[in-house]
Structure formats: structure tokens, C-alpha cells
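Before any comments, here is the structure.
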Amino acid sequence: MAEKKSNSRKRTAVTIILLLIALLLGIERCIHRKEPSAGKSETKEATAKDNSIQPPAPEATVQEDTGIYHHSKTRHRAPSPKTAETPYTETETTTGEEKPQPHVTTETTRKEPTAEIPADSVVDTAIADIDLSPRHEFRIGIRAGAGYSAITSLGGMTESYNMRPQFTQDEKGGIVFRGGIFGTWRYGRLGAELGVDYMRLTGSVEKNTARLRLSEKTEISCDVISPQLMFRFYPFRDFYMSAGALLAIPFHTSKVYTANRTGTVYQQQDHLKALHLQESIKSRLHLMPSLKIGYVNAKTGIEAAVEYNYGATDLLRTIENDYGYTERTNNSHYFGVSVGYTIKLKD
């Protein structure tokens with residue numbers, strides 16, 4: 001009995017060991033089978049994706065009589081009996097040969113990430129494409145304006161202070177017109193201006209005495225042609241400052257003497273004094289340094305400026321005589337505004 005029990009136990013242990021070995025072998029085989037199947041499934045999915053992207057293959061139509069295969073690129077309805085004369089368009093005929101099918105790859109295409117370009121580099125590239133180098137720009141135009149002009153030392157020229165000290169003298173200027181043509185050149189922040197203007201320089205002196213109630217007035221005006229050269233500096237794009245000089249060339253001088261005295265004798269004396277004034281005072285070339293501040297709009301061609309001219313040399317020359325006219329240093333002042341219009345010349 002004891003031997004039978006030991007034999008049954010041995011059989012049971014051997015059976016259990018064999019079952020365990022079979023179970024381990026089965027698990028190992030299942031693992032090896034899952035690995036290739038997973039790869040195949042991935043390949044099948046990739047192939048399915050590519051096939052979904054690939055256009056459908058052309059349909060083949062077989063003719064029973066001739067055995068010729070027709071591969072049509074485009075799908076068309078079969079011609080009806082009414083339209084049998086219409087030819088069948090865009091067909092390729094091959095005798096006994098099949099049209100090669102496009103090669104299908106199982107590898108999926110990967111989209112490479114595009115590098116983002118910073119905004120600063122885009123701005124820098126746009127600025128680099130713009131030509132910021134200065135260019136020569138030439139313009140020509142016309143201008144007109146008005147200002148205040150005055151001639152100094154008129155009282156000392158027309159009468160000696162020692163003759164009638166009881167008189168008071170009052171020197172004044174006047175409003176004058178100015179206009180002409182000009183041209184400009186600009187290169188970056190630098191520029192120049194060359195122009196020719198017509199202008200008038202004028203001044204007057206009035207003599208009064210309270211005791212005699214006598215009033216005398218002398219007015220002198222010079223019409224001049226003034227060529228001008230100015231050098232400009234542009235601290236901003238549309239604003240400039242300029243300095244230069246003009247030369248006043250007089251071509252006509254007006255000299256007028258008036259008095260409020262009445263009586264034949266006094267009128268004769270005033271007439272003689274007016275003649276002496278015409279003979280005693282002459283105009284001459286007049287150099288006037290200039291300063292200007294202006295605005296220019298390159299798109300519209302409009303210019304506006306404020307200008308000051310100072311007479312550095314004598315404008316009037318006095319011929320000394322017995323009538324009280326003496327040679328004295330005199331100069332002039334002009335302060336005015338002008339507006340102009342220019343057009344751009346070809347570079």
C-alpha cells in the first residue's frame with residue numbers, strides 16, 4: 001500500500017512538471033507570434049493610409065472582339081446613340097501590355113518642423129532691402145513774400161545836426177514786396193539754394209519842430225535785383241536752416257521830399273531842396289548777409305521760410321555840398337516771410 005501511494009505521488013509530480021513545461025513553452029510561442037503580427041499590423045495601417053491618399057487606379061475596359069485594353073484617364077459616360085459621332089477623349093490604347101501601376105511605399109512621410117523666424121530678423125531684412133543712402137535731389141521753383149525793410153542814418157545824410165538842432169527826427173521803415181525764382185540742391189542733410197529775387201529796400205525820416213509847427217519828410221526807396229546763395233542744413237527731414245548772402249543790385253531809386261509849409265517863398269525853397277536831394281544821394285551795390293529758417297515738403301513741393309537780411313555795406317552814397325548833405329555810414333535791414341512752389345528735376 002505504501003509503495004502504491006509513493007508511485008502515485010511521483011506520477012502526480014511528474015505530470016505537474018510536464019504541465020508547467022508545456023505552459024512555459026506555450027507562453028514563449030505566443031510572445032514570438034505577437035511581435036511580427038504587430039509589425040504586420042503597423043505595415044497594414046501605413047499601407048491603408050497611403051492607399052487612401054493614392055488616387056484610384058484607372059478603370060480598364062475590355063473589348064471582346066479585339067482583346068485590346070483601354071485605360072482611360074478621365075471618367076466619361078458611354079456615348080449615347082445620338083452622340084455617337086463625338087470622339088472619345090483622352091484615352092490611351094496599349095496592345096497586350098498593362099499600364100504600370102505607381103509604386104506604393106509603406107513608409108509614412110514625416111513633416112519636418114519649420115523653424116520660426118523671429119520678427120526682429122524680418123524687420124531687419126526689410127530695412128536692409130531699402131536703400132537708405134542719400135541721393136542728389138535738384139528742384140526749381142518760384143516764390144513770393146512780403147516783409148519789413150528799413151534804411152538807417154537817413155536823417156544824418158539829408159541834414160547836418162548843427163544847422164537846425166530844434167528839429168526832432170523820426171526814422172521809419174516800410175512794408176515791401178519780394179519775389180523771384182530759385183533752385184535747390186540736396187544731398188542727405190546738406191543742401192544749397194541759388195535764387196534771383198526782386199525786392200525793395202525803403203526808409204523814411206520825418207523832421208518836426210513844435211515851435212514853428214513845421215514838418216518835413218524824406219522817403220527813399222531802392223528797387224533792386226538780388227542774386228542770392230544760401231547753404232542749407234536739414235536737422236530734420238522737412239525743416240532746414242540756412243546761411244549765406246545776397247547782393248542787392250539797384251536799378252531804380254526813388255527820392256521824395258515833402259513839407260507842410262505854405263507860401264510862395266517856402267514852396268520855392270522846398271522845390272529846390274527836392275532837386276538837391278535828387279542830385280546828392282545815389283544808390284550803390286549792397287552786400288547783405290542772410291539767415292533763414294524754412295520748411296519744405298518734397299511730396300507737394302511747397303516751401304515756406306522766414307528770412308533776415310542785414311546790409312553790411314553802404315546802400316546810399318551822399319555827395320557833400322552846401323545844402324547840408326553829408327556822407328554818413330548807412331545800412332539796411334530786411335525781415336520777411338516767403339512761400340514758394342518747386343518741382344523736382346530728373347536725377
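Bear in mind these aren't lab numbers, they're just calculated from the coordinates by the rules spelled out. Keep in mind it's a predicted model, so treat the numbers as computed, not measured. Using ideal geometry, Cβ is built from the backbone for each residue, glycine included, and neighbour counts are taken over all protein chains shown.
The gain in end-to-end length when the Arg29 to Val306 segment is fully stretched comes to 89.4 nm, 0.36 nm per residue minus the alpha carbon separation. Remark: C-alpha extents of the stretch 134-344 on the principal axes read 71, 26, 24 Å, sorted largest to smallest.
Classify the stretch 225-333: rounded, prolate or oblate, from the alpha-carbon gyration tensor (a ≥ b ≥ c, eigenvalue square roots; a/c under 1.5 rounded; otherwise prolate if a/b is larger than b/c)? Prolate, because a/c is 1.5 or more and a/b exceeds b/c. With both labels modelled 7 Å from their Cα along Cα-to-Cβ, the Ile140 to Lys344 distance reads 1.7 nm. With 0.36 nm allotted per residue and the present C-alpha distance subtracted, the Val14-Gln169 stretch has 40.7 nm of extension available. Based on C-alpha pairs under 8 angstrom that are at least 6 apart in sequence, the stretch 134-344 has a relative contact order of 24 percent. A simple spin-label model places pseudo-atoms 7 Å from Cα toward Cβ; at Ala192 and Lys299 they are separated by 3.0 nm. With a simple spin-label model that places each label point 7 Å from the Cα along the Cα-to-Cβ direction, the separation between Thr326 and Leu285 comes to 2.9 nm.
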